[in-house]
Amino acid sequence: MKFILGTKERMTQVFDESGRVFPATVISAGPNSVTQVKTVETDGYNAVQVGFKDQKEQRMNKPLLGHFKKSGVTPKSELREFRTEETPTVAVGDVIDASAFEVGDVIAVRGISKGKGFQGVVKRYGFHGGPRSHGQKHTERSPGSIGGGAGDGGRVAKGKKMPGRMGSDMTTVKNLKVVAVDAATNTILIGGAVPGRQGTIIEVVSK
């Protein structure tokens, strides 16, 4: 199992052997430092905890600072844990960089999607809205009836699709492919789009 933490940088284009162009996302991946290794015997499950992006000591609380000193790793601003099926082969203090991945690897990418604020049902859920004729004047983007009658128990049912906050959700995109790896700059190019804005922390996992 391969995994790494990185940041979303920008989108670009890549060309295949036949000259066709495809969109791709540039990820600044790592380097990550292994801060803790968990096993079934000691913790009840297998996992590897990694840190990403150096942080000043004065910005860390004492428990986290002690955790990093115990592992012999400089303080990091981002900590993530990746569960593994087998007992981890890495050790505390090891460094994981972009060279762990290869072109053609099928991966899953996880990150927080762009926040879009308060949105109506047309943008949020793809509602068609009301008709533009037959006396309709101000209901083109209205959700229509939301229930509340006797058959609904006199209330609006939980989970009803209505206007509200949209975006800023942890989102996973599966079955993407690595199209290029530059180990010298710790850069990975992923075919297609990934969640988030520029600078979003991205988890890349490949089995």
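Residues in the range 101-157 that are assigned to a loop (DSSP other than H, G, I, E, B), touching a residue at least 40 places away in the same chain (Cβ under 8 Å), exposed (fewer than 12 other Cβ atoms within 10 Å of the Cβ) and not β-branched (Val, Ile, Thr): 102, 104.
Among residues that are under 25 Å from residue 5 (Cα atoms) and part of a strand (DSSP E or B), residue 194 is not included.
Counting only strands (runs of 3 or more DSSP E) that fall entirely inside the range 1-63 and contain at least 1 residues that are closer than 20 Å to residue 99 by Cα and aromatic (Phe, Trp, Tyr), the qualifying elements are 2-15, 47-54. Would it be correct to say that residue 7 is buried (at least 16 other Cβ atoms within 10 Å of the Cβ), in contact with a Ser or Thr (Cβ under 9 Å, 6 or more places away or on another chain) and touching a residue at least 24 places away in the same chain (Cβ under 8 Å)? So residue 7 passes the test.
Here residue 48 passes the criteria (1) surrounded by fewer than 16 Cβ atoms within 10 Å (Cβ to Cβ); (2) of a type in the set (Val, Ile, Thr); (3) touching a Pro at 6+ places or on another chain (Cβ under 8 Å) except the one numbered (1).
We did not get these values from a lab; they are worked out from the coordinates using the rules stated. If you're wondering where the values come from, they're calculated on a predicted model, not measured in any experiment. Positions of Cβ are generated from backbone atoms using ideal geometry, with glycine treated the same way; all protein chains shown enter the neighbour counts.
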